[in-house]
DNA sequence: GCATGTGAAAATCTTCACAGCA
DNA sequence: TGCTGTGAAGATTTTCACATGC
């Protein structure tokens with residue numbers, strides 16, 4: 001099954017593995033699927049299957065060579081080179097994204113930030129000065145192909161358009177709506193509220209003790 | 001196929017539909033699957049199939065009664081009553097969550113916020129005063145069953161433990177690691193960095209024009 | 001005519017059983 | 001013996017084809 005197309009669900013898990021592997025680097029040279037499982041909470045069989053899509057990195061009886069595996073996963077995810085991104089929207093969420101420490105491990109860096117609110121333009125957060133959103137042009141020249149959108153719903157489509165015009169081909173979208181973009185542009189949407197909204201579905205129902213006891217009696 | 005168990009993937013889409021339906025309420029009485037599709041970007045066939053799991057809300061030739069559908073989806077997701085939640089971690093991300101305007105539409109309200117940093121305890125953000133994380137006790141009494149974790153990785157497991165001890169049965173976790181909790185507790189993890197990390201995989205490769213032309217020639 | 005609703009087919013993803021190797 | 005690797009089975013999800021009803 002070597003050199004198979006990598007399933008979307010596996011691609012979703014790869015960054016999780018990568019994160020855990022980077023943390024395990026200092027623990028030793030190799031890691032077994034069950035050790036990795038204990039860290040990420042994904043069953044070891046699934047992990048082995050995922051790794052099998054891109055060939056033999058494991059040693060039977062031992063486990064996987066951490067360093068080689070990291071390199072391979074980075075290559076597959078195209079994280080072997082660094083990526084620069086721009087942020088649009090320097091409100092509460094945008095500012096948090098700007099200060100988020102977790103991007104560096106994957107080789108991401110935020111190179112510029114924009115807002116359309118005059119009160120925010122010119123301010124500096126985390127060494128980055130907010131620029132006018134009108135200036136979102138020619139990002140291609142600066143080799144920036146990723147945009148992060150953290151503006152209100154009403155503005156997000158227009159911002160997406162500007163980003164695409166400026167050369168962006170990947171968008172991380174925090175606004176709670178669909179973005180219409182050309183097919184070549186990939187959008188990944190994070191919607192905090194919709195994720196929270198399915199939590200109650202999975203939570204156990206309240207026990208109304210009196211009735212519950214009667215029912216079970 | 002009526003009164004079938006609702007698939008996990010459908011549950012994931014229900015909040016998205018709900019969001020769109022709430023926005024459509026003012027547009028008219030009913031909405032067809034293709035109109036809804038245009039808003040949410042999910043194909044109409046999938047939408048009809050999803051709705052079919054909980055019975056006939058549509059009128060053939062017309063569409064779905066928006067109001068009834070909203071009620072039904074809210075009931076399924078257990079969003080027909082309001083939910084109070086607590087936030088732990090008032091750093092950049094936590095503060096953004098505290099100010100996030102998107103929760104109210106689903107009936108969520110953040111009732112309290114905690115941090116363990118003395119510099120933050122006592123501060124007020126969005127009318128909520130940050131309390132000492134040591135005080136995370138007896139949330140059950142206040143009818144709070146949802147916790148939102150926005151603390152650094154190292155502290156997240158301990159906080160999860162406190163929340164569970166205090167009576168929480170649902171956790172929205174922003175820290176980039178797995179939380180070990182009893183089976184009855186549902187955890188949904190949002191990891192901004194891992195989502196961003198799979199963007200390059202889907203982005204088109206740079207064309208090195210010279211070579212590309214040669215190769216295709 | 002138009003849009004919902006549903007059993008069946010197709011595609012995708014996960015789990016199983018066990019072969020292969022250090 | 002211990003852990004990886006893989007074809008096949010099983011489960012889940014999506015898509016299809018078309019029946020149904022306003």
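Just so it is clear, none of the values below were taken in a lab; they were calculated from the coordinates. Because the structure is a prediction, the values reported are computed rather than measured. Using ideal geometry, Cβ is built from the backbone for each residue, glycine included, and neighbour counts are taken over all protein chains shown.
Tabulated results
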{"quantity": "Inter-copy label distances at residue B:184 (7 Å, Cα→Cβ; nm, one decimal)", "calculated": "5.5"}
{"quantity": "Antiparallel content of DSSP bridges confined to chain B, in %, to 5", "calculated": "20"}
{"quantity": "Counting DSSP beta bridges with both ends in the stretch A:83-194, the antiparallel % (nearest 5)", "calculated": "10"}
{"quantity": "Shielding score for B:18-25, defined as the mean number of other chain Cβ atoms within 10 Å", "calculated": "2"}
{"quantity": "Length-normalised contact order of the stretch B:83-197 in % [C-alpha pairs under 8 Å, at least 6 apart]", "calculated": "24"}
{"quantity": "Beta bridges per DSSP with both ends in the protein assembly as shown, % antiparallel, nearest 5", "calculated": "20"}
{"quantity": "Number of partner chain Cβ atoms within 10 Å, mean per residue of B:183-196", "calculated": "6"}
{"quantity": "Among B:108, B:201, B:51: highest mean-square fluctuation, GNM of chain B, C-alpha pairs under 10 Å", "calculated": "B:201"}
{"quantity": "Shortest-first nm distances, residue A:124 label point to equivalent points in other copies (7 Å, Cα→Cβ)", "calculated": "3.2"}
{"quantity": "19 Å cut-off, amide nitrogen to a point 7 angstrom out along residue B:49 Cα→Cβ, residues in the stretch B:3-19", "calculated": "B:3-18"}
{"quantity": "Average projected area [Cα convex hull, the protein assembly as shown], square nanometres", "calculated": "26.9"}
{"quantity": "Whether the stretch B:8-75 is rounded, prolate or oblate, judged on the alpha carbon gyration tensor where a/c under 1.5 counts as rounded", "calculated": "rounded"}
{"quantity": "Within a Gaussian network of chain A (alpha carbon springs, distance under 10 Å), most fluctuating of A:187, A:62, A:168", "calculated": "A:62"}
{"quantity": "Among B:122, B:94, B:56: highest mean-square fluctuation, GNM of chain B, C-alpha pairs under 10 Å", "calculated": "B:56"}
{"quantity": "Rotation relating A and B, chain B residue nearest the axis via C-beta, angstrom", "calculated": "B:96, 2"}
{"quantity": "Cα-based shape type of chain A, given that a ≥ b ≥ c are square roots of the gyration tensor eigenvalues and the cut on a/c is 1.5", "calculated": "oblate"}
{"quantity": "Within chain B, helix-based [θ] at 222 nm, where runs of 4 or more DSSP H residues each add -39,500 (n - 2.57), nearest 500", "calculated": "-11000 deg cm²/dmol"}
{"quantity": "Relative contact order computed over chain B (Cα-Cα under 8 Å; 6+ residues apart), in percent", "calculated": "13"}
{"quantity": "Shape of the stretch A:65-112, Cα gyration tensor, a/c cut at 1.5", "calculated": "prolate"}
{"quantity": "Residue mean of other protein chain beta carbons inside 10 Å, B:93-105", "calculated": "5"}
